[in-house]
Amino acid sequence: MKFILFVEGHTEHKAVPAFLKRWLDSRLRQPVAIKSVRFDGWAELVDDVSKKAHFYLNGSDNADVIAVISLLDLYGPTIFPPHCHSADDRLRWGKDHLEGKVNHKRFRHFFAVHETEAWLLSDPNIFPREIRDRMPRNSATPEKVNFNSPPAKLLDSLYSQANHSPYKKVVYGKQLFAKLDPDIACQKCPALQTLLNEMLHLAESAGLANQNQNNPQP
């Protein structure tokens, strides 16, 4: 059985499915597949999410689909109404808006706060020493790296300072996500933990619950 994961960029397409799968597989009685579907940026995902979600949820192999999960960075999209200033306001409104558009019991929407790069910042040890030594204190709570200085911009600045070359999002992102322990990332990124907990619940509801009482808990 599988999840369909809607993502907005190349890094999420190449690196995030395997990262999420490592956490889920350790808690399920059998491995679960995660098929990523890349959109050309957040605007295309927002525009096409309902059509694409129903394509997978109502297609010929829909019985094999646990759920469709869409994932966007909170930083970037301009869909939020003027009264949504805080990250929490945008999280709530955006989730309700996109899940309302699709209106299917096996569709969920989530945001990475503020970008998926925040998950990488949760463990400085995955970075080269010259980058790690330059990390600011607020990287200890990576989901609080804010709209003015989002995680990818922070990494770009750190890499430019250390290597005189910008952060290569797709190349470095894939390498770093392969090193990142999902449990460490979840400890520092509550929105990521919420995403994984819901995916675990959906997989268990689809019959993949691990019957071993010694199974690690989220």
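Structure notes:
- Check on SER205, among the polar types (S, T, N, Q) and not in a loop (DSSP other than H, G, I, E, B): yes
- Within the stretch 22-48, the set of residues being in contact with a helix residue (DSSP H, G or I) (Cβ under 6 Å, 6 or more places away or on another chain) and farther than 23 Å from SER205 by Cα comprises ARG38, PHE39.
- Within the stretch 180-206, being under 30 Å from ASP64 (Cα atoms), out of contact with any strand residue (DSSP E or B) (no Cβ under 9 Å at 6 or more places or on another chain) and not small (Gly, Ala, Ser) holds for LEU180, ASP181, PRO182, ASP183, CYS186, PRO190, GLN193, LEU196, ASN197, HIS201.
- If only residues of the stretch 80-111 that are small (Gly, Ala, Ser) and at pLDDT 95 or above are counted, the one that is nearest to LEU155 (Cα to Cα) is GLY94.
- Subset of the stretch 1-34 that is part of a strand (DSSP E or B) and among the aromatic types (Phe, Trp, Tyr) - its residue that is farthest from GLN175 (Cα to Cα): PHE3
- Condition broken by SER50, with the remaining ones in (1) more than 13 Å from the chain's Cα centre (by Cα); (2) assigned to a strand (DSSP E or B); (3) surrounded by 16 or more Cβ atoms within 10 Å (Cβ to Cβ) satisfied: (2)
- For PRO77, the test of being closer than 21 Å to LEU154 by Cβ and either free of Cβ contacts under 8 Å to residues at least 40 places away in the same chain or assigned to a loop (DSSP other than H, G, I, E, B) (or both) is passed.
- Long-range neighbours under 8 Å by Cβ, at least six apart or interchain, first residue among the polar types (S, T, N, Q) within the stretch 43-65, second surrounded by 12 or more Cβ atoms within 10 Å (Cβ to Cβ) and part of a helix (DSSP H, G or I): SER50/LYS101; SER50/VAL102; ASN62/TYR56
- Any chance ARG92 is of a type in the set (Lys, Arg) and farther than 17 Å from PRO17 by Cα: yes
- In the stretch 2-42, the residues that are over 24 Å from LEU98 (Cα atoms), in contact (Cβ under 8 Å) with a residue 60 or more places away in the chain and more than 16 Å from the chain's Cα centre (by Cα): SER26, ARG27, LEU28, ARG29, GLN30, VAL32
- Condition check for ALA18: surrounded by 13 or more Cβ atoms within 10 Å (Cβ to Cβ), modelled with pLDDT of 95 or more and of a type in the set (A, V, I, L, M): yes
The values are calculated or read from the model by the stated rules, or taken from the named source; none is laboratory data. This is a predicted model, so every value here is computed, not measured. All Cβ positions, glycine included, derive from the backbone under ideal geometry; neighbour counts span all protein chains shown.
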